[in-house]
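Comments concern the structure below.
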RNA sequence: GCCGAGGUGGCGGAAUGGCAGACGCGCGAGGCUUAGGACCUCGUGGGAAAUUCCCUUGUGGGUUCAAAUCCCACCCUCGGCACCA
């Protein structure tokens, strides 16, 4: 073939590789295993995004290289198929989610295959496949059994017009994005998972993992561990305590108010009793205003509530006072929605002199500002709060102590009085695991009135031991909720003609009476099924295990929790994904894996050894690709025009892998030209007839290229690896007669990036076997080292000359050489040399006055 | 607001304490061609008294023989913020 026509070769090789099972990973092979994982796609109606192509191509290059290095590589793929977008798409188009999902998967699969990615398709999974989600449900049952799943009342966004629960993202400016109706919060009972029980381990175990540093930092900050003191403030004339968490108990003498979140138990108590407590002995004088304020804040999301300082508002509970435990001082109590109910007990002590937010709040509402900590040396003016540690003043017996000492002593003092203790707080919150949607895994629980009654009674009688014999921990903690037995899994999602909202905020499943009404597995009495479904995270929590335990039986398959296989393949050696998943999916799946480890279902405490991240691909205009901007690039069209290899190489060459980057149509052309030039190089070689001359310089460059490509691939520096290949090609083009072994090395190095082209050229060179079965080239350090180097000569740090010098020369020799240069002589004229800096094989710098 | 990342030619970027601008795109000149495209060769940060010198890595300051790189302050852009995946 004279010309490079990718369309003519790519399909051919894809078929060849598939028919010969090139990329099937072998369980229990004697070769060293290497498990490469990419985040499996959500099969949306839009089709594959060029962003998928970028990260998959890059990790495919790693997989191909590892295979050439002799590893037993597992590089699987599947579909994260449950989720809200498909359900919304179905509502819009009338196409059932199951059908839409099937169609979308077929399209995604065709697109991925056309890229020539070396996935092991025999292990393909689909989270909406009942055989798969049987195990998703099984994991939930285990969590329930161990008491890590519990019910709690949580407010959800609700559209009163559409009568449907909404996801955060469907709410825009407090309104439902589809109908524009004002969204309200509705409290519903939701299943929660106790991820907070694992907070400490999720931080601690990061230490030994090879994650990008920024990923570790983000996870640690997300978990948000802080050590401090819990201080108990009593309410005057009322048997009620407010527990406040603070990391700065040393500033306790500077407290001038308490501020409660609108969700705080005291506020809720007041709401219930309409602002009047103890039969009128305590009364909130401005109750009407407070009620109005609470109403408003209920509409705001947490994000809005903490966003803008200027909008930070509050309202006093007039007539209610708290007592500062340290000095019995009476403090006003406020409600403010910048205080978050879910963190630190939903209450803060206001110390305006030593906290920025408190300072602003105090200024706004004319609260007292009392200075109790001063810097060790100078005095601070009070235009700004002093937020650092210092020395205590105006603090009774604690005055004169440093902040650090004071925190210890005050905490001890409080503890002795029973008014406080040392505690640890996490920002991490338990995970809301219920969704009022159709397109998700059904939660395998039923509610049984009879069992509920029985459990509650026995609890009252204190017969816990008896209960424990009959019921699981989850069943005791959530009286009435009974787990399905394992043998009844999967609990299949019933096919529903109308998955439209029910009008009550419940899941559409609640409509199917014959499905909802069932028998209690424990007492065989009447029971009702849970109608909420799981969030789409449920299926992606453990999907990397799903690939391992898919078991083929002739034409059929099933999943079987095979610990031997899991032990062979786990942990994942290299997991790549988007930065946007760092705090949710990545943390959730680590939690679930740790839980599975605790119950003995998996052999290690951490699922992923190494985690890297890719940046997103933006449109040519620098904005996110989106239909509404009209800047979406369809990979199908690029493949049609230039071929898959060009698309792959371009996306790896376009910029640093971990950064967001704009698409460039011109850049694609450039890469195509590069591949064409390699093609022509091989064709030219086949026609050349002259005598081959050994060229040490080319030899060295080939070796350098091997080193560069090898090392850059390990560091995800795909762009510079490709640029190294370009430099080699540029050089080889200048050779009159190219050596075959140089070309062979080039093609082997190219194989991970442009697998089809490399395969074709390998055959063109007369080989019968595949380039992908060759050994990865090794470089020879001796051949890289050259005899000379460019000595940079500086005067006062500025480059004034460069001299070719032999390698490893001494400072004396370099000095002599440099002083011989007329340029340098000119710069040193009439100047006294004060100092000489010499860096071996690099530079010499003359420092003159 | 909180947490994280980033800012270098006309553009994507390279260089992580030692020659700023590798490699690619674009552009310019020339070659080939009836012509265009493709291809090949050379050039391409800015300024000037142009073989030489000065300036230049968001802005201002600092450390160092030497700073895009380290430190401090500020400005701008992007990602995440828990029911999108």
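Bear in mind these aren't lab numbers, they're just calculated from the coordinates by the rules spelled out. Please read all numbers here as calculations on a predicted model, not as lab measurements. Glycine gets a Cβ as well: all are built from the backbone with ideal geometry, and neighbour counts include every protein chain shown.
Counting only the backbone N, which residues of the range A:741-781 are under 20 Å from the spot 7 Å out from the Cα of residue A:807 toward its beta-carbon?
A:778-781
In Å, the Kirkwood hydrodynamic radius of the range A:53-128 over pairs of distinct alpha carbons?
14.0 Å
How long are the semi-axes of the equivalent ellipsoid of the range A:734-814, defined as square roots of 5 times the Cα gyration tensor eigenvalues? Whole Å, largest first.
Value: 42, 14, 13 Å, ordered largest first.
Compute the FRET efficiency between residue A:558 and residue A:676 as 1/(1 + (r/R0)^6), taking r as their Cβ-Cβ distance and R0 = 51 Å, and round to the nearest 0.05.
Approximately 0.60, to the nearest 0.05.
To the nearest 0.05, how large is the calculated FRET efficiency for residue A:427 and residue A:207 if R₀ is 25 Å and r is the Cβ-Cβ distance?
Calculated value: 0.80.
Report Rg(Cα)/(2.2 N^0.38 Å) for the range A:137-212, keeping two decimals.
Numbers: Rg = 17.9 Å, N = 76, 2.2 N^0.38 = 11.4 Å.
Dividing the Cα radius of gyration by 2.2 N^0.38 Å gives 1.57.
Once the Cα atoms of the range A:97-148 are picked out, what are the Rg and Dmax in Å?
Spelled out, the Cα radius of gyration and Dmax of the range A:97-148 are 15.4, 47 Å.
Once you have all Cα-Cα distances for the range A:782-849, histogram them in 5 Å bins from zero and send the whole-percent values.
Computed distribution, short to long bins: 4, 18, 31, 24, 12, 6, 3, 2, 0.
Over all alpha-carbon pairs in chain A, figure out the percentage whose distance exceeds 56 Å.
28 percent
Based only on other Cβ atoms within 10 Å, what is the fewest-to-most ordering of A:411, A:518?
A:518, A:411
With N residues in the range A:537-579, what two-decimal value do you get for its Cα radius of gyration over 2.2 N^0.38 Å? Write out the running numbers ahead of the final one.
Working: Rg = 12.2 Å, N = 43, 2.2 N^0.38 = 9.2 Å.
Ratio of Rg to 2.2 N^0.38 Å for the range A:537-579: 1.33.
For the range A:41-170, report the convex hull volume of the alpha-carbon atoms normalised per residue, in Å³, without decimals.
164 Å³
Within the range A:792-825, what residues put their amide N at less than 13 Å from the label point 7 Å along the Cα-to-Cβ vector of residue A:837?
A:793-799
Take residue A:412 and residue A:122, extend 7 Å from each Cα along the Cα→Cβ direction, and tell me the distance between the two endpoints in nm.
Between residue A:412 and residue A:122, the label points sit 6.7 nm apart.
Give the span of the range A:650-751's Cα atoms along each principal axis, as three whole-Å numbers ordered largest to smallest.
Each principal axis gives a Cα extent; for the range A:650-751 these are 48, 27, 19 Å.
When N counts the residues of the range A:142-282, how does its alpha-carbon radius of gyration compare numerically with 2.2 N^0.38 Å, as a ratio?
1.44
Helix-derived [θ] at 222 nm for chain A: sum -39500 (n - 2.57) over DSSP H runs of at least 4, divide by residue count, nearest 500? Mind showing how you got there, number by number?
Numbers: 30 runs with 324 residues, N = 849.
Value at 222 nm, helices only: -11500 deg cm²/dmol.
Residues of the range A:193-228 with the amide nitrogen closer than 17 Å to a label point 7 Å from the Cα of residue A:168, along Cα-to-Cβ, please.
A:193, A:195-196, A:218-224
Nearest 10 degrees, 0 to 90: what angle lies between the long axis of helix A:449-460 and the longest principal axis of chain A (Cα atoms)?
70 degrees
Write down the radius of gyration of the range A:373-504 and its Dmax, each obtained from C-alpha positions, in Å.
27.7, 75
Would you mind ranking A:233, A:240 so that the residue whose beta carbon has the fewest other beta carbons within 10 Å leads the list?
A:240, A:233
For the Cα atoms of chain A, what angle does the longest principal axis make with the long axis of helix A:696-714, in degrees from 0 to 90, nearest 10?
10 degrees
Taking Cα atoms, how many degrees apart are the long axis of helix A:130-145 and the longest axis of chain A, rounded to 10 and kept between 0 and 90?
For A:130-145 against chain A, the angle is about 50 degrees.
Would you work out the Kirkwood radius for the range A:701-849? I mean one over the mean of 1/r across all pairs of different Cα atoms, in Å.
Every distinct Cα pair counted, the radius reaches 18.4 Å.
To the nearest whole percent, what portion of all C-alpha pairs in the range A:1-100 is separated by more than 19 angstrom?
When all Cα pairs of the range A:1-100 are counted, 61 percent exceed 19 Å.
Rounded to whole Å and sorted largest first, list the principal axis extents of the Cα atoms in the range A:481-569.
Sorted from largest, the Cα extents of the range A:481-569 read 48, 32, 26 Å.
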